[in-house]
1. Between SER90 and SER106, what length comes free when the chain is fully extended (0.36 nm per residue of separation minus the Cα-Cα distance, one decimal in nm)?
2. Remind me, relative contact order of the range 33-133 in percent, using alpha carbon pairs under 8 angstrom and six or more residues apart?
3. Using a simple spin-label model with points 7 Å from Cα along the Cα→Cβ vector, what separation in nm is obtained for VAL119 and ALA39?
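None of the figures in this text is laboratory data; all of them are computed from the coordinates on show. Just so you know, these numbers come straight off a predicted model, no measurement behind them. Methodologically, a virtual Cβ is constructed for each residue, glycine included, from the backbone with ideal geometry; neighbour enumeration extends over all protein chains shown.
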Amino acid sequence: MKSLRILLVIVLLQNAHAQDPGGDVEEGKQLFYDFACYACHGYNATMRVPLVGDASGIMNSEQVFLTYLRLRADQNPVNPKNAMPNYAASTLSDEQALDIYAYIKSLKDDPPEVEDNLVMQQILDAAKARYPTSEK
């Protein structure tokens, strides 16, 4: 596992510049659902294991993303406590992986304000009514 981290750091440093993803966003969206990526990453890739924005170093570049997926395929059988499935090239082609990368890069972590979300506002109002705070 230590060698995986070292390799990722090296790749990150080599590819520190941002680039526009070359994959197909729409195809990537479908693959994101088909491969159930949303199960851990959420439908907008901001959930339990976030990928959007600067949340994950594996989204630094296409090459880092591919390297991570391929290393996972090589390392996961050795380390079965990892929850992410293996994605060897025979399971998910480089083209498909880059489509998923392009889709994730197209997502924004831009949640609505609480005041703009009716259901969230109702939940907060109900909580305030049930558990009023005493201001002195």
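1. This chain segment gains 3.2 nm when fully extended.
2. Relative contact order comes out at 24 percent.
3. About 2.3 nm separates the two model spin labels.
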